[in-house]
1. For chain B, what is the mean residue ellipticity at 222 nm derived from helices alone (per DSSP H run of n ≥ 4: -39500 (n - 2.57); sum divided by total residues; nearest 500 deg cm²/dmol)?
2. With only Lys, Arg, Asp and Glu charged, each at its Cβ (+1 for the first two, -1 for the last two), find how big the charge dipole of the range A:1-91 is about the Cα centre; round to the nearest 20 debye.
3. Per-residue HN-Hα couplings for the range B:436-444, Karplus 6.51 cos²θ - 1.76 cosθ + 1.60 at θ = phi - 60°, whole Hz, x for Gly and Pro?
4. Based on the inverse mean of 1/r over its pairs of different Cα atoms, what is the Kirkwood hydrodynamic radius of the protein assembly as shown, in Å?
5. Once you place label points 7 Å from the Cα toward the Cβ at B:Arg455 and B:Phe341, how far apart are they in nm?
6. Chain A: percent of C-alpha pairs farther apart than 20 Å?
7. Return the FRET efficiency for the residue pair B:Ala21, B:Ala65: r is the Cβ-Cβ distance, R0 is 22 Å, and the value is rounded to the nearest 0.05.
8. Can you give me the long-range amide H partners of B:His441? Hydrogens built in the peptide plane at 1.01 Å from N, cutoff under 5 Å, separation of 5 or more residues or another chain.
Amino acid sequence: VSPRTRRRWLGQAFARSERVVARKIGEEFVLVPLAGRGADIDSILNLRGAAPFIWEQLDGTRTGEAIVDAIVERYEVERPQAAADYVELLETLHHLGAAVPAPRR
Amino acid sequence: MVPSKARGFVRDLVAFGALPALPEGLAPAGVFEAAREQGLVSLLVAAIERERPPWAASIVEPLAAERRALLVRALGQIGLAARSLALLEARGIRALPLKGAVLAETVYDVEADRPMSDVDLLALERFPDGVVALREAGFTEVDRGDHAWAFRDPAGHGIVELHRSVVSAPGLFPLDPEGLWTRRRVGRGQLRVLPSAEDLLLQLALHAAFQHGLVLSLVQWLDFRRLLERETIDVERLVSLATAARARAPLAAALAVAEATVAAPVPAPLRDGLPRGMRRFLEPRRATPLVCFAAPAEPELVRLRLELLAGRRMALLWRTLVLPETPEGDERLASRVRFAFSRALRLARRPRPPSPNAATGVHDLGEPPAPAAEGVEVPFGEELLRDCLASFPHVRLTVTGRCMEPALAHGERVHLVSAARRRPRVGDVVLARQKEGLRLHRLVWGPPLAWPGARWRTKADRGLLLDPPLAAADVLASVETVEDRPRERPRHAVRALVSLVAGVAARLRLGGAVARAEILP
């Protein structure tokens, strides 16, 4: 994403889409789109590492900056790394329609 | 063919909650197949991830992939049930989901744990209006039984069965619709309404005992255990409901078998109510539950129904033969009796139906459609793929392995088109069912060269020998395009013929007799 989009996303809150179901099955955490590209089995997303934690934080109220703070605290990583991980995952989720911008309050 | 040792292995896993030692001579692939057959893939992979036995290393990844596919499929099916319920509700028709869809959302850890071949809804009123509602929404009727009609989802993802009764012979076990509705619960998943735990248990018991002659897949027996362990069952209420529905015997029989098969914890008052003949039937068989009560065992349906209905056998005969309406929708008694005579003649001449098996996707209707090919197992992964192929112009698949290089490279994505939409021809790269599973290989002998009814042959471009002969029905789809090389045609008729000759020549070098047998498909 462009630096501008990146700044916007970090200042904005995103919410999990209701069209996507997340399930922890065994050691995997998978996202399944309930509608859309129905026949595309590849659209299932398998979240690893900090990704399930980030997914849980997308509650429509917390901004990207707040979530990055939470990642830094939980995983003891440098802030730039946490921000990069967050934006990278959000890009994937946004592309899949799994995360949508929350309306501004 | 699933080895009986493998079935015993997965049964022990369900009954004791831990992986047993792998019996000598049993390959991990056999365990995988048994888990598929019995609907226990998700449970097996969870146990393997928990206990990490060294023998299971080779099957962990395919099991996990299958579990993901099962999850997608189950969520889609439950979504279909929820949409169908909403359609009925919009017409003012009260209906409740039954069996698998409810269980998957309530007593299993995740929906993938409870595979199902279709979803079932019970119309509590105005069944004909419910049929009209589904038809008008684009659902197409695919099968019809005396107690339920099956419809295909217009979006193509699955089958919904609309029931007027939980089991065949409607009215034999009368369930009070008002009571069912009053006792309903609010769902927390995609299903907004659920039957009460007691109603659900009674329905499962009727289905197991009367509909399937006490032969179910192990995951269906596990349903009983999960319900008894994870829901609060009001035993007194359940006994009262079973008595009102004249279903004490089916309830007690199903629970006795669930106890023997998967160690379901059955409360003492629910053991009562078995007729003497039924007790005699069950006693010796409970010692070998896997052989007698787990699919693909043959159910002794007629004897069982007679024993369950001891004292009500005339009612059984009447309700079995005289349906609530004729296929033309005529509800007059004279027409129904006339139809009953012709139906009785048909039933008398009909061969024994195939044994019920959740894992093969056979419907629950009283008169199930014949399987595609006798003895052919259709595992859930393949079934999902079939659904997708039937429903969409093309399905995307990632290639694994290097046996088709350079035509298809490992990791490339291809678009498949079903054999029903485009008949495969020699030279096509086809998705075919081989003994080892589904394979993307080139069709080297088949239409238009092979004569009708002849066996077809496939071969990997980099393989030395031809694959075993296969029937046309074993070829599910052909590759239409390779995603990153849209201009290249994957079909190469000349390459196929060269490959055929090379395969035959290789066989001739290995042994003439075998080669001659293979040349003639």
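1. Mean residue ellipticity at 222 nm (helix-derived): -13500 deg cm²/dmol.
2. For the range A:1-91, the charge dipole is close to 340 debye.
3. 7, x, 7, 9, 9, 10, 8, 7, 10
4. So the Kirkwood estimate lands at 27.0 Å.
5. In this crude spin-label approximation the distance works out to 5.0 nm.
6. 37 percent
7. That pair, B:Ala21 with B:Ala65, gives E of 0.30.
8. B:Val430, B:Ala432
Read the figures in this text as sums done on the coordinates, not as results from a lab. Given the structure is predicted, the values throughout are model-derived calculations rather than measurements. Please note: Cβ atoms are built from the backbone with ideal geometry, for glycine as well, and neighbour counts cover all protein chains shown.
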